[in-house]
Amino acid sequence: MTKTVNHWIGGKTVEGTSGNWGPVTDPATGAVTTRVALASADEVDAAVASAKAAYATWGTSSLAQRTGILFKYRALLDAHRSEIADLITAEHGKVHSDALGEVARGLEIVELACGITVQLKGELSTQVSNRVDVAAIRQPLGVVAGITPFNFPAMVPMWMFPLAVACGNTFVLKPSEKDPSAANLLAELASEAGLPDGVLNVVHGDKVAVDALLEHPDVAAVSFVGSTPIARYIHTTASANGKRVQALGGAKNHMLVLPDADLDAAADAAVSAAYGSAGERCMAISAVVAVGAIGDELVEKIRERAEKIKIGPGTDPASEMGPLITAAHRDKVASYVTGAAAQGAEVVLDGTGYSVDGYENGHWIGLSLLDKVSTDSDAYRDEIFGPVLCVLRADTYEDGVRLINDSPFGNGTAIFTRDGGAARRFQLEVEAGMVGVNVPIPVPVGYHSFGGWKDSLFGDHHIYGNDGVHFYTRGKVVTTRWPDPSEAPAGVDLGFPRNH
């Protein structure tokens, strides 16, 4: 029987009324298991109105109240880790261990939000002039919105709303319609933790819902994670409507491997970073740049490891990689591999014909490895978002860095080397927002901020960490001058001495 996912507005489930529904498939079987309500502009209005009404009291609530709820929420999320992960596996397809890891990374931001009392401490300068003090404080924005992608249906929402509500805002979340169930469970658990009705709302939908949020006069800010074309659209449209925007886009993350690197460690890292989560993550390593004469040996080591990866349904504990999110996406990813040879690449591994016994209708693709890839080929220029690793060759360190910096993307990058001096040069010279040294996926911990450069980020703020707190608050400076008590009008005695 097909399950129905409705909206969560004002602390309760609200049935969709637009008459439009989207299919949600189990990527391992290809079967439609769920239908999700797609919101109309009126339904988005209702969610924003609920958030606006809740802000009247939540925006002035005490920090103690907010953190008390967040601590309870953190405990509930911890207790329901496996249940959230099951929903992710059922609708996204990633293996259960990977889904659990996603929940754990989201919990880091909830833990950061639990310490919001420290993050929101203001600044005070006394006696800047005679009896004049200046204080700087941060206050919430009001109603803020989050638009999140399919690849991390629990983690990316948790990168946004816990900090937003901790800062005193109320939130409207529009998750991906491809895997919507985890978002509703996150909202239900927040309500169970004591979050007041309307503080966190979830509306499901497509472009109609997105545009309604971008244009809504009562939405003060929009957070987005997704592809670069959509990030650019979100930033342009929301900014034109006077909103604060953080829009994280796509990536083509490079891993530079120098001749002195431990090639076994580099090959292990390349396989996990390129093929983990089926390559459906913006921090995947999708391009390895081999410097000097090590290319052939490195490619062979990657091939040996990639051939051993077990692909199967995410519910099978033996599976190390699951299917792709949809059949259409699987076909698009495959097209980059089938067209690679004609554009000059050497196809070392071709995973396009892969299938799993008993799950023949699933959205399967095997691991693909392309060597000697040209920088003007489609496989290199585009964000493939699948288990396809391109290997490029560079003669020198300088050539490798130039190749990386010529990319329009600047999300994350990594260098593998034993040379500390080379690593230091790299972290200063490379044009990317996140850098790993012998770390293939340099996603910052929750108390540092996540974000790229160039076409990987639109807006001034990275997400979570200090940047997240600053994004969800605005500064105010208060200058105060009080007369001395000795200057009180005659006849008023405040008990202060008249001479001093």
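For segment 88-103, backbone nitrogen atoms closer than 20 Å to the point 7 Å from D316 Cα along Cα-to-C-beta are found at 88-100. Between S286 and N253, the built amide H atoms are under 5 Å apart, and every one of these is 5 or more places off in sequence or on another chain. Were the residues from A328 through E215 laid out at 0.36 nm apart, the gain over their Cα-Cα distance would be 37.7 nm. Just to verify a number: what accessible area does E300 come out at with the full protein assembly present, 1.4 Å probe, Å² rounded to tens? Rounded to the nearest 10, the figure is 70 Å². Please label the shape of segment 373-424 as rounded, prolate or oblate, based on the square roots a ≥ b ≥ c of the eigenvalues of the alpha-carbon gyration tensor (a/c under 1.5 means rounded; beyond that, a/b larger than b/c means prolate, else oblate). Prolate, since a/c reaches 1.5 and a/b exceeds b/c. Note: relative contact order over the chain, using C-alpha pairs below 8 Å and six or more positions apart, is 18 percent. Note on D395/T4: beta-carbon distance plugged into 1/(1 + (r/R0)^6) with R0 of 56 Å gives a FRET efficiency of 0.45.
Using equal-weight Cα scatterers in the Debye expression, the normalised intensity of segment 262-346 in log10 at q = 0.11, 0.18, 0.26 Å⁻¹ is -0.36, -0.94, -1.39. Extending 7 Å from Cα along the Cβ direction at D296 and again at V435 yields two label points whose distance is 3.3 nm. Protection proxy ranking, highest mean first, for peptides 357-363, 476-482, 159-165: 159-165, 357-363, 476-482, where packing is the per-residue count of other beta-carbon atoms within 10 Å, averaged. Each label point was placed 7 Å from the Cα along the Cα-to-Cβ direction; for N466 and V134 their separation is 2.0 nm.
Across segment 263-301, the residues whose backbone nitrogen lies under 14 Å from the label position 7 Å along the beta-carbon direction of K372 are 295-297, 299-300.
Based on C-alpha pairs under 8 angstrom that are at least 6 apart in sequence, segment 252-322 has a relative contact order of 36 percent.
How would you classify segment 277-326 from its alpha-carbon gyration tensor, with a ≥ b ≥ c the square roots of the eigenvalues: rounded for a/c under 1.5, else prolate if a/b is greater than b/c, otherwise oblate? In terms of gyration-tensor shape, oblate.
Note on E360 and R418: their simple-model spin labels are 5.2 nm apart, each label 7 Å out from Cα toward Cβ. Could you please report the charge total around C390, scoring K, R as +1 and D, E as -1 over all other residues with beta-carbon less than 15 angstrom from its beta-carbon? Here the count lands on -3. Of all lysines in the structure, those lying under 23 Å Cα to Cα from K372, and not within fewer than 8 positions of it along the same chain, are K252, K301, K308, K332. Compared with the alpha-carbon gap, the fully stretched path from K308 to A41 is longer by 91.3 nm at 0.36 nm per residue. For segment 150-232, relative contact order (Cα pairs under 8 Å, six or more residues apart, normalised by length) works out to 30 percent.
Rounded to the nearest 0.05, the FRET efficiency derived from the C-beta distance between V445 and E487 at R0 = 60 Å is 0.70. Could you name the lysines in cross-link range of K3, using Cα to Cα under 16 Å and dropping any fewer than eight places away on the same chain? Cross-link targets: K178. The slack in the chain from A56 to S239, taken as 0.36 nm per residue of separation less the alpha-carbon distance, amounts to 63.4 nm.
Which shape class applies to segment 25-88: rounded if a/c is under 1.5, otherwise prolate when a/b exceeds b/c and oblate if not, where a ≥ b ≥ c are the square roots of the Cα gyration tensor eigenvalues? Oblate, since a/c reaches 1.5 and b/c is not below a/b.
The values are calculated or read from the model by the stated rules, or taken from the named source; none is laboratory data. Quick caveat: nothing in here was measured; it's all calculated off a predicted structure. A quick note on method: Cβ atoms are made from the backbone with ideal geometry, for glycine too, and the neighbour counts reach across all protein chains shown. Surface areas here come from the heavy atoms of the whole protein model, side chains and all, with no ligands, DNA or RNA. Shrake-Rupley method; radii C 1.70, N 1.55, O 1.52, S 1.80 Å.
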